[in-house]
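Okay, structure first, notes after.
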Amino acid sequence: MLASTTPSRGYGVSARRDWTALLLVLLPALGLRLWLAANNAFLSVDAVFYLDQTARLLSQGQLPHSCFPPGWPLLVAGPAVFLDAGDPAILLRTAHYANAVLGTLFALLTYLLIRPRLGAWPALGAAALVAFLPETLVLSKTALSEMSYACALLGAWLLARRRLDWRAGLLFGFAYLIRPEALFAATGLALYHFWRERRAPWAFGFTVLASVVPYVVFLKVTSGVLSLSGKSVAISLSLAAHPGLDYVGLVVRNLGIFLPRLPGLIGWPLALAAVLGMVVRRGRWLWMLAPMLPIPFIINPMVVRFWAPYLPFLLLAAGEGLWWILQWPLPGRIRMRGAVLGFICLGGLALAVTDDFPWVMRNTEAYHGLKDGGLWLREHVEPDTVIAAYKPYTSYWAGCAFIKYPANLRAVELVAWARNGGAEYMIVNVGVVHSLVPALDPLLASPLPPDLQKRVTLVQLLRYDVVSHNTAIYRIER
């Protein structure tokens, strides 16, 4: 089994030229990310819950319970404490810019991961791939936690590959606070160390637990459940929805959807080389892929972004697999065969990303009416005001509470449900109604049907050139 300090391989250049070449990758990557972040005025559903934690932490000094871990909100709170965090636009931009910087740092850490094992040029190529891959560009302009988790996990490994000590433990602990599944990697490395060295890594273990124990206590106090993760409810829901052998079927179906996402991200040649590298050049770094193990066991759309935090380790595995192939006693110089393999991998990568680049500029969550409706409501609501909607965007921009429309109710029943839930307003967006909540269609009629006229009153109607953005705000009559 190879140690993590395998001597450098490949065609190196001087250290100065290495770092100059790397800067020529990182500086444009940072500039592009900052530009994308500056032009992204919207957030995703998950980002709402992350930023709600940050806002409440800064405004009330309290961290609310959430199935979303607090690591990323705490990280955003650092720079936001010097800004007007009560302004939702400023808070969102802070998160976007933080991710732009973290996305660039991710590429740098990728270089530092790969260079000691494969050499300068392969490391530079991997850093460039991570820097400009459409998926990482998209994640770097959003307010999601992927980039912070990716940097924390990779940084923890860069410390741990030298020595499993308190510094690595602290960073693994913070990675756990962003994504609790990081504990799989930390536990695996600790057990491996104990098996090889015949002694426990006490300093590493205690510093990891310094993050784990307070979070477990927080979950117990705020939710009454003893758990390592607020997301453990996802597995409980999966088991409840798919009892018995049906749960096995769920896992198999999820794997069938999730695994092909990797070739769709980096191309089939690199994906197959990564699998080969995991088999023929396996090492301690394989434990860094262990946090992916829970993914197929939950009900969740198996999306490509779940692969992103582990991309450097997959590229390392691919490089190891390709290097193993180059050692075969075949005709031709090794450089020529390396060039052929590189051309094949670049071709596969190009085919994989061609369809992804348009999504770098697009935003599937750009609901203009929901944002503008929230900004209008901001002058009419208090923080404890409740609004009913399908997506939480209006409540985010308004700075108030939110309840989500349930399924399988008629329009009149939805109004009664919202009133009983304490909601004062209902948000009805044309795009959301037509694609997600068709039962609300009567609330798009003018005049309203008789059974709704005395139950709600239209207080604002936002119209746009694109009809799907049109949004009505109703006050619920008591």
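The values are calculated or read from the model by the stated rules, or taken from the named source; none is laboratory data. Predicted model only: the values in this text are computed from it and were never measured. Note that each Cβ is placed from the backbone with ideal geometry, even for glycine, and that neighbours are counted across all protein chains shown.
Note on region 7-97: enclosed helices (runs of 4 or more DSSP H) holding 3 or more residues that are charged (D, E, K, R) are 15-38, 45-60. Pairs linking a residue in region 346-363 that is in the same structural domain as Val130 (by TED's automatic domain parsing) and in contact (Cβ under 8 Å) with a residue 60 or more places away in the chain to a residue that is surrounded by 14 or more Cβ atoms within 10 Å (Cβ to Cβ) and assigned to a loop (DSSP other than H, G, I, E, B), with Cβ atoms under 6 Å and 6 or more positions apart or on different chains, do not occur.
Every condition in (1) surrounded by fewer than 17 Cβ atoms within 10 Å (Cβ to Cβ); (2) outside any loop (DSSP other than H, G, I, E, B); (3) touching a helix residue (DSSP H, G or I) at 6+ places or on another chain (Cβ under 7 Å) is met by Ala352 except one, and the failing one is (1).
So that you can scan it fast, the table gives a plain yes or no per residue for (1) over 20 Å from Phe174 (Cβ atoms); (2) free of Cβ contacts under 8 Å to residues at least 24 places away in the same chain:
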{"site": "Gly188", "(1), (2)": "no, no"}
{"site": "Leu191", "(1), (2)": "yes, yes"}
{"site": "Ala200", "(1), (2)": "yes, yes"}
{"site": "Ala203", "(1), (2)": "no, no"}
{"site": "Val208", "(1), (2)": "no, no"}
{"site": "Ser211", "(1), (2)": "no, no"}
{"site": "Val217", "(1), (2)": "no, yes"}
{"site": "Lys220", "(1), (2)": "yes, yes"}
{"site": "Gly224", "(1), (2)": "yes, yes"}
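Of the helices (runs of 4 or more DSSP H) lying entirely inside region 377-478, those carrying at least 3 residues that are under 20 Å from Pro64 (Cβ atoms) are 393-398.
Condition first: surrounded by 15 or more Cβ atoms within 10 Å (Cβ to Cβ), touching a Cys at 6+ places or on another chain (Cβ under 6 Å) and small (Gly, Ala, Ser). Can you find one or more residues in region 209-230 that meet it? Taking every residue of region 209-230 in turn, at least one turns out to be surrounded by 15 or more Cβ atoms within 10 Å (Cβ to Cβ), touching a Cys at 6+ places or on another chain (Cβ under 6 Å) and small (Gly, Ala, Ser).
Based on what the data block shows, is Ala143 of a type outside the set (Lys, Arg), at pLDDT 95 or above, assigned to a loop (DSSP other than H, G, I, E, B) and farther than 16 Å from Trp307 by Cα? Please lay out each step first, then the result.
Numbers: of a type outside the set (Lys, Arg): yes; at pLDDT 95 or above: yes; assigned to a loop (DSSP other than H, G, I, E, B): yes; farther than 16 Å from Trp307 by Cα: yes.
So Ala143 fits the description; yes.
Would region 66-77 turn up any residue that is among the polar types (S, T, N, Q) and more than 26 Å from His368 (Cβ to Cβ)?
Going through region 66-77, the residues among the polar types (S, T, N, Q) turn out to be 66.
Pick out the ones that are also more than 26 Å from His368 (Cβ to Cβ) and you get 66.
Yes, region 66-77 contains a residue that is among the polar types (S, T, N, Q) and more than 26 Å from His368 (Cβ to Cβ).
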